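The values are calculated or read from the model by the stated rules, or taken from the named source; none is laboratory data. Every value quoted in this text rests on a predicted model; they were computed, and no experiment measured them. Here the Cβ positions follow ideal geometry from the backbone for every residue, glycine too, while neighbour counts run over all protein chains shown. Surface areas here come from the heavy atoms of the whole protein model, side chains and all, with no ligands, DNA or RNA. Shrake-Rupley method; radii C 1.70, N 1.55, O 1.52, S 1.80 Å.
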There are 2 protein chains.
Amino acid sequence: MLLYDFPESGNCFKVRLLFAHLGIEYDKQFVDPFDFGAKKELLGDLNPVRRVPTLVLDDGRPLAESNAILTSFAEGTAYLPEDRYARAQVFQWLFFEQFSHQPPMAITRVWGRAQLDIPAEQRAEQLKLGNNALRALDRHLDGREFIVDDTYSIADIALYAYTHVAHEGGHDLAPYANVRSWLARVAAQARHVAIDARPSA
Amino acid sequence: MLLYDFPESGNCFKVRLLFAHLGIEYDKQFVDPFDFGAKKELLGDLNPVRRVPTLVLDDGRPLAESNAILTSFAEGTAYLPEDRYARAQVFQWLFFEQFSHQPPMAITRVWGRAQLDIPAEQRAEQLKLGNNALRALDRHLDGREFIVDDTYSIADIALYAYTHVAHEGGHDLAPYANVRSWLARVAAQARHVAIDARPSA
């Protein structure tokens, strides 16, 4: 398989992390998400929104959206539970991640890493949204080892991706003790890999 | 089951539409998403982000995120395919919907229905994002009856919800002929129901 990948991207990292856990081998093709020409050339026929990650399966068919890739490869493994309610909870948190969590965490991180001069009001608005998501996650993790049924799953992988680098966007995790101990538990999982991003600034 | 519901909400409508197709009966509790006190009181213990739709199952356990509810109830029915690649494609479009499509479509619709005086630049930015999503959907639907494998699925239900009312947010569907004919095919499905929103302006 071929993963169109950007090392810094939390969404790409999710796929690399699950594949590391599962021992899945694949090739990588670097795509700069800020180079629109390269994205059109490389991803134009593979992904309707020309984003990374985009995966080309062994049979040549493409698959996009990080959480859809996680879902497809976790099926039948310990990373996606079989119990109907547990599965539904995993999906609840995957959609929470893409709707409420990833957008403010990713945009503040891009601003932070590139040292962009963003108006204070705009930055404050995104930090507020990010903190709303972190607070919801922290409340949920109170008394829980992992997000669903105290078992490490793709819900943890998806939410770890942008949470563990939240400081790069100016988010302070100090108030979120449950999140911080959960991050440590995720990082301690067997075959964990680091995001290993290139410096961008 | 009890659905915490706001009639105007496209996300709530998705659930009502799938339940209508499946003949699932349930009770509804009205929640005004703009009333933060009511949301805290009604949804505080049920949904980490206190949004509608929130569903309480027969056994009292809660489930949130519209597309997670669709996924859970479509499992084992014709609305979620069994084939691994087809399923992955359904999930790809469900995540596309929540990340790329729903946010600009929903915010412009709220502005339009409430006749809010939004700065032109801010409105233009959201309309551009909405049109990017509509263009991606229109390209994908070229030569296709439905979004995945020419078979009506929860991917169609999810994307229909905000697309068929896009004009309420100032989106013009005239350039998107594939989208328009697909909307008609969705509305022609057996046991289709209308969003039936109350007037808000």
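Values for this structure:
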quantity	calculated
Residues satisfying the stated conditions in region A:154-176, i.e. of a type in the set (Gly, Ala, Ser) and within 16 Å of A:Glu8 (Cβ to Cβ)	A:Ala161, A:Ala166, A:Gly169
Selected residue (only one of B:Ala124, B:Ala155, B:Ala136 is in a helix (DSSP H, G or I) and under 14 Å from the mean Cα position of the chain (by Cα))	B:Ala155
Of the criteria (1) within 14 Å of chain B (Cβ to nearest Cβ); (2) among the hydrophobic types (A, V, I, L, M, F, W, C); (3) in contact with a Phe, Trp or Tyr (Cβ under 6 Å, 6 or more places away or on another chain); (4) closer than 19 Å to A:Ser66 by Cβ, which one A:Val186 fails	(1)
Residues being more than 9 Å from chain B (Cβ to nearest Cβ) and surrounded by fewer than 23 Cβ atoms within 10 Å (Cβ to Cβ) - total across region A:51-61	3
Among the candidates A:Val148, A:Val193, A:Val165, residue that is within 20 Å of A:Pro81 (Cα to Cα) and either of a type in the set (A, V, I, L, M, F, W, C) or modelled with pLDDT under 95 (or both)	A:Val148
Cβ-Cβ under 9 Å pairs, at least 6 apart or on other chains, region B:89-105 side more than 7 Å from every other protein chain (Cβ to nearest Cβ), far side surrounded by 24 or more Cβ atoms within 10 Å (Cβ to Cβ) and among the acidic types (Asp, Glu)	B:Trp93/A:Glu65; B:Trp93/B:Asp156; B:Leu94/A:Glu65
Test: B:Ile195 is touching a residue at least 60 places away in the same chain (Cβ under 8 Å), open to solvent by less than 50 Å² (accessible area, probe 1.4 Å) and more than 24 Å from B:Phe34 (Cβ to Cβ)	no
Filter result for A:Phe13 (within 27 Å of A:Leu173 (Cα to Cα), without any contact (Cβ under 8 Å) to a residue 24 or more places away in the chain and either in a helix (DSSP H, G or I) or in contact with a strand residue (DSSP E or B) (Cβ under 8 Å, 6 or more places away or on another chain) (or both))	no
Scope region B:169-192; condition crowded, with 17+ Cβ neighbours inside 10 Å and touching a residue at least 60 places away in the same chain (Cβ under 8 Å); matching residues	B:Gly169, B:His171
Some residue of region B:54-62 being in contact (Cβ under 8 Å) with a residue 60 or more places away in the chain, within 25 Å of A:Glu75 (Cα to Cα) and outside any loop (DSSP other than H, G, I, E, B)	no
Residue selected from region B:65-80 under the condition touching a residue at least 60 places away in the same chain (Cβ under 8 Å) and in a loop (DSSP other than H, G, I, E, B), by the criterion most open to solvent (accessible area, probe 1.4 Å)	B:Ala78
Among the residues listed as B:Ala158, B:Ala124, B:Ala114, B:Ala133, the single one being modelled with pLDDT under 95 and farther than 25 Å from A:Asp59 by Cα	B:Ala114
Filter result (charged (D, E, K, R), more than 14 Å from chain B (Cβ to nearest Cβ) and surrounded by fewer than 21 Cβ atoms within 10 Å (Cβ to Cβ)) within region A:129-167	A:Glu145, A:Asp150
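One line per residue, one yes/no per condition, for (1) in contact (Cβ under 8 Å) with a residue 12 or more places away in the chain; (2) surrounded by 22 or more Cβ atoms within 10 Å (Cβ to Cβ); (3) of a type outside the set (Phe, Trp, Tyr); (4) within 27 Å of B:Arg191 (Cβ to Cβ):
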{"position": "B:His21", "(1), (2), (3), (4)": "yes, no, yes, yes"}
{"position": "B:Asp32", "(1), (2), (3), (4)": "yes, no, yes, no"}
{"position": "B:Gly44", "(1), (2), (3), (4)": "no, no, yes, no"}
{"position": "B:Asn47", "(1), (2), (3), (4)": "yes, yes, yes, no"}
{"position": "B:Glu82", "(1), (2), (3), (4)": "no, no, yes, yes"}
